[in-house]
Every structure is written in structure tokens, then in C-alpha cells.
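Just below is one structure, and these are the notes that go with it.
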Amino acid sequence: MSIETVRVDLPGRAYDIRIGPGLLDGIAADLAPLLRRPRVRIVTEERVAAAHLPRLEAALDAGGVDHATLVLPPGEGTKGWDGLSRTCEWLLAEGVERKDVVVAFGGGVVGDLVGFAAAVLRRGTAFVQVPTTLLAQVDSSVGGKTGINTPQGKNLVGAFHQPRLVIADTGLLSTLPERDFRAGYGEVMKYGLLGDADFFAWLEGAGPSLRDDPAALVRAVRRSCEMKAEIVMRDETEEGDRALLNLGHTFCHALEAATGYSDRLLHGEGVAIGCALAFELSARLGLCPQEEPSRVRAHLAAMGLKRDLADIPGDLPDAEGVLRLMAQDKKVQDGRLRFVLARRIGEAFVTADVPRETVAGMLHEALAAR
Ligand code: GLY
């Protein structure tokens with residue numbers, strides 16, 4: 001099967017995203033042009049280490065690349081100050097220099113944490129993303145957003161620091177728990193909804209069997225990365241267009257906060273519900289055709305994904321409570337919430353021009369249906 005390459009062509013910081021099954025086994029050759037000396041340091045977490053680290057180590061051994069690995073505990077709790085200091089101090093103890101390559105081997109937690117550690121280590125050290133979840137392959141490993149969580153909220157401390165290379169081995173996704181795969185799919189679908197109606201239409205057919213169709217999976221990851229790369233090249237630091245990538249996220253972040261960032265709602269599930277709500281809101285405001293929200297929900301149902309507030313187990317705050325949580329969003333400017341809405345499937349835009357009562361009314365109805 002063919003390996004695809006997407007180029008993120010940022011001036012002075014251009015890099016490739018390599019996509020395809022089995023890439024991990026040839027990683028030494030992909031890394032070679034980046035290595036000043038044949039040596040890398042890897043940071044991962046326990047579940048990824050158990051499933052895939054021996055393969056990565058064997059591939060580096062075969063290529064004559066010296067390596068050592070820090071294995072962190074799994075889960076969002078690792079992505080904080082303690083995880084950051086542990087990672088930085090280990091990398092320094094290992095004698096990592098600015099031009100050495102640090103490998104982030106894992107999902108979004110590892111990628112964000114290690115990317116941030118690399119951003120601040122010696123004021124900026126090279127790093128490579130080897131994402132092992134669908135969510136990380138199509139979103140968090142690409143585009144250079146790195147960071148950690150603090151008691152005040154998620155990703156509030158961080159930096160833009162682009163990787164030198166992303167290796168998305170789609171074969172690694174076969175060991176992902178089904179729920180994590182589906183949640184990651186929420187981000188794949190987001191790309192179709194925000195900017196490519198043909199991609200969304202293709203996903204309506206291919207999505208339900210994506211996991212069992214390696215060629216379709218490569219196509220879905222490639223198109224997602226291509227779209228993300230295009231947006232990041234236009235607006236690396238989110239002055240404008242990059243906010244489109246947050247379709248569904250204003251609702252998602254509030255719902256994640258309301259459910260205590262627990263497994264009641266995974267991030268990608270929140271994105272899926274958030275996309276459905278963004279289309280519902282767009283239709284209520286007369287911005288997009290009335291049938292679009294139903295089409296979005298029908299696809300989420302076909303994918304076995306959450307699509308309504310009613311699908312979230314346990315208690316939720318009332319509409320005012322959800323709105324208060326939404327006001328914590330990073331997109332708030334001068335106290336005004338900014339939403340990513342849509343004119344139709346495949347055409348999203350950012351606006352601050354949304355009457356609060358329309359959002360409150362929609363949330364009130366959605367919560368009453370629980
Ligand atoms: N995940 C949104 C972004 O990278 O901008």
C-alpha cells in the first residue's frame with residue numbers, strides 16, 4: 001500500500017507528515033536526515049509502550065540509532081507541571097542537546113506534553129511526533145500546538161513549536177480501543193464539515209468500515225492532515241482561519257468541563273456533539289439549510305458516536321451553567337463568545353455575532369430532551 005506524504009510548508013520550519021501502515025518499521029530511514037548524531041530520546045506512556053515500544057526499539061536498533069525511553073503514566077493527569085518537569089529533567093539527564101531529536105510516541109497527551117517540553121528545553125529542541133491514536137494522527141500531532149493543563153483549565157500553558165517530522169503509522173490504530181477510534185473519528189468528520197463537502201459525502205459511505213479498510217483509513221488521515229496543513233500554513237498562530245479547526249469545540253470544552261474531563265465524555269465525542277450543536281445553531285439562525293443538522297446527526301449515528309446531550313451519562317448543568325462554562329473558552333474576545341458556524345456542510349466560518357438567547361434556548365431544549 002502506498003505511503004502518503006503531506007508537506008506543512010511553513011517558512012523555515014517546513015516538515016512532512018508521513019502516513020501509512022508499517023511506517024514504524026522504517027522509522028530510522030525517515031529520521032536519518034534529521035539526526036546530527038545517531039541518537040534519539042523517546043517519551044511515551046505505559047499503554048503505548050506495552051503495545052508498540054519493542055517494535056520502535058527494534059526499528060531504531062536495525063538502523064543503528066541509539067535510544068532510551070521515558071515511560072510516563074497514561075492519561076490526562078500526566079499532562080501537567082509534574083509531567084513537564086519529569087520529562088525536561090529526564091531529557092537533560094540524558095544529555096539531550098538542542099539539535100538532538102526527541103520522539104513523542106503516543107496520543108494527544110504525550111504529543112502535547114513532549115512538544116512543550118521540547119519547546120522550552122534549551123529554548124527549543126528538535127522533536128518528532130509519532131502519533132499512535134486517530135485523534136493525534138489527524139489533529140494534535142500536526143500544526144505545532146503544544147502545552148499542558150493547569151488547575152485553571154486545559155492547554156492554558158503552552159507554545160507553538162512545530163515538529164520536524166510526523167510519522168503517522170495507520171497500522172498502529174488497530175490496537176486502539178473501539179471507543180477511542182470512534183472518538184478520534186469525530187475530528188476526521190470535523191474536517192469535512194468545516195471545509196470539504198465532498199470529503200464528508202465520501203465519509204458518509206466509507207466511515208462505518210474505515211477501521212477495517214486500510215486504504216480508506218490512509219485516505220481519511222491524509223485528507224484530514226492536508227486540510228489541517230493548509231489552514232496552519234495560512235494562520236499558524238490562530239489570528240484568524242485556524243479557529244475554524246475549533247468547529248464544535250466551544251460546546252465540547254464546556255461539556256468536557258461539565259463532565260469533569262472524565263470518561264463520561266471523551267474529547268472526540270464532545271467534538272461530535274459540538275459539531276451537531278454548531279449545525280443546529282446555524283440552522284436556527286437561518287444561516288444554513290434546515291436539513292443539514294439532521295444529516296450530521298444521521299452520520300454520527302451511523303458511526304455509533306454520541307450526537308446529543310442526551311447521550312452523555314450522568315448529570316449536566318442547566319443551560320445557563322453550560323453557557324458559563326462556554327465563557328471560559330480561549331476564543332472569547334472582549335468578553336464575547338466566538339462561534340464556528342456553517343453556511344452548509346463544508347463551509348464553516350467564525351463569528352461573534354450570535355444572540356445569547358438563541359444559544360440558551362437551543363441548550364435548554366437539548367437538555368430537556370435528556
Ligand atoms: N486542534 C486545533 C488546532 O490545532 O488549531
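Computed from the coordinates by the stated procedures, all read-outs in this text should not be read as laboratory data. Source: prediction; values computed, not measured. As a convention, Cβ positions derive from the backbone with ideal geometry for all residues, glycine included, and neighbour counts pool all protein chains shown.
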Item checked: Ratio of Rg to Rh over the chain (Cα coordinates, Kirkwood Rh, two decimals) -> 0.96
Margin query: Place a point 7 Å from Cα of Glu230 in the direction of its Cβ. Which residues in the stretch 155-194 have their backbone N less than 16 Å from it?
Written below: 188-194
Notebook entry, point to check: Could you give me the ³J(HN,Hα) list for the stretch 21-32, computed from phi with Karplus coefficients 6.51, -1.76, 1.60 and θ = phi - 60°, whole Hz, x at Gly and Pro?
Noted result: x, x, 4, 4, 5, x, 5, 4, 5, 5, 6, 3
Notebook entry, point to check: Tell me, what HN-Hα J-couplings in whole Hz come from the Karplus equation 6.51 cos²θ - 1.76 cosθ + 1.60 at θ = phi - 60° for each residue of the stretch 297-305, using x for Gly and Pro?
Noted result: 5, 4, 5, 4, 5, 4, 8, x, 9
Notebook entry, point to check: Ordered by residue, what ³J(HN,Hα) values in Hz, to whole numbers, does the stretch 92-107 give under the Karplus form 6.51 cos²θ - 1.76 cosθ + 1.60, where θ = phi - 60° and Gly and Pro are x?
Noted result: 5, 4, 7, x, 5, 9, 3, 8, 6, 10, 9, 9, 8, 10, x, x
Notebook entry, point to check: Which cross-chain or sequence-distant (5 or more) residues have an amide H under 5 Å from the amide H of Val101, H modelled 1.01 Å from N in plane?
Noted result: Arg41
Next item on the list: Please work out the C-alpha center-to-center distance from the stretch 253-268 to the stretch 138-162 and express it in whole Å.
Entry: 17
Item checked: Percentage of interatomic Cα-Cα distances in the stretch 180-243 larger than 21 Å -> 23
Note to self: Using only the alpha-carbon atoms, how far is helix 197-206 inclined from the longest principal axis of the chain? Give it as 0 to 90 degrees, nearest 10.
What the structure shows: 80
Notebook entry, point to check: Can you give the convex hull volume per residue for the Cα atoms of the stretch 160-286, as a whole number of Å³?
Noted result: 138
Item checked: Residues with amide H under 5 Å from that of Leu72, placed H, sequence gap 5 or more -> Thr44, Glu45, Glu46
Notebook entry, point to check: So what's the back-of-envelope 222 nm ellipticity for the chain, counting only DSSP H runs of four-plus at -39500 (n - 2.57) apiece and dividing by all residues, rounded to 500?
Noted result: -13500 deg cm²/dmol
Next item on the list: Two decimals is fine: what is log10 I(q)/I(0) at q = 0.10, 0.19, 0.23 Å⁻¹ for the stretch 262-370, from a Debye sum with one equal scatterer on every Cα and no solvent?
Entry: -0.27, -1.07, -1.54
Check: For Glu292, Glu357, what's the fewest-to-most ordering of other Cβ within 10 Å of each Cβ?
Finding: Glu357, Glu292
Item checked: Debye intensity ratio in log₁₀ form over the Cα atoms of the stretch 1-125, taken at each q of 0.10, 0.13, 0.17 Å⁻¹ -> -0.31, -0.54, -0.95
Item checked: Of Lys99/Lys145; Lys190/Lys306; Lys79/Lys99; Lys79/Lys145, those spanning more than 22 Å from alpha-carbon to alpha-carbon -> Lys79/Lys99
Next item on the list: Give the order of Cys275, Cys252 when sorted by the count of other beta carbons within 10 angstrom, beginning with the fewest.
Entry: Cys252, Cys275
